[in-house]
Amino acid sequence: MAIRIELNLRLPNSPGALVSVCRLLSDERVNIVAMALESGGQLRLVVDNHVRGAGVLREHHHQVSERDVIVLSVSNGPGELAPVLKLVADASVNIEYAYGGASDAGAAAVVVLGVDEAQRAAAASGV
C-alpha cells in the first residue's frame with residue numbers, strides 16, 4: 001500500500017486525445033502505473049513521477065489537478081481484494097471510486113482507491 005498522487009484532467013471526446021497524453025508522458029520518460037478514462041473525458045492517472053508528469057501536461061496546456069489516493073498491490077487471485085476492502089470499510093472510510101487491473105499471468109494486481117483524506121484513511125484502515 002502506498003499513498004500516491006493522482007493526476008486528473010479532462011480530455012476532449014475525439015480520436016487521438018488519449019494517445020496524445022500517453023505520448024507526452026512517454027517522451028518525458030514518465031511511466032503510467034494506472035489510469036482510468038471515463039466516458040465524459042475525465043482521465044485519472046497514477047504515474048511514477050507525478051511532479052514531472054503534471055509539469056509536462058501543464059506545459060502542453062492541460063488543466064491538471066492532483067489528489068492523494070491509496071494504491072494497493074494485492075495478489076492476483078479470487079478473493080484477494082475483499083479482505084483489504086473490508087479493512088477500509090471497517091475503518092468507516094468511504095471509497096468514492098476505484099480502478100485497477102492485472103494481466104492474467106501476473107502475480108499481483110494494482111488497485112487505486114479514491115477516498116476522502118487518503119492519509120487518514122490509510123492509517124485508520126491499516127492498509
**Message:** If R₀ is 41 angstrom, what is the calculated FRET efficiency for the pair Gln119 and Arg23, using the beta carbon separation as r and rounding to 0.05?
**Reply:** 0.80
**Fill in**
Env charge @ His50, Cβ radius under 14 Å, K,R +1 / D,E -1, value +1
**Residue-count net charge about Ala118 - beta-carbon cut-off 13 Å; Lys, Arg +1, Asp, Glu -1** = -3
**Message:** Counting only other residues whose beta carbon sits under 12 Å from that of Glu38, what net charge do I get with K and R as +1, D and E as -1?
**Reply:** +2
**Message:** Quick check for me: using +1 on Lys/Arg Cβ and -1 on Asp/Glu Cβ, what's the dipole size of the chain about its Cα centre, in debye to the nearest 20?
**Reply:** 180 debye
**Charge dipole (debye, nearest 20) of the range 63-127; +1 at Cβ of Lys and Arg, -1 at Cβ of Asp and Glu** = 100 debye
**Request:** With a 1.4 Å probe and every protein chain left in place, tell me how much accessible area Asp90 has, in Å² to the nearest 10.
**Result:** 100 Å²
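The values are calculated or read from the model by the stated rules, or taken from the named source; none is laboratory data. Just so it is clear, the structure is predicted and the values come from calculations on it, not from any experiment. Note that each Cβ is placed from the backbone with ideal geometry, even for glycine, and that neighbours are counted across all protein chains shown. Ligands, DNA and RNA are stripped out before the accessible areas are found, and what is left, the full protein with its side chains, is counted by its heavy atoms. Shrake-Rupley method; radii C 1.70, N 1.55, O 1.52, S 1.80 Å.
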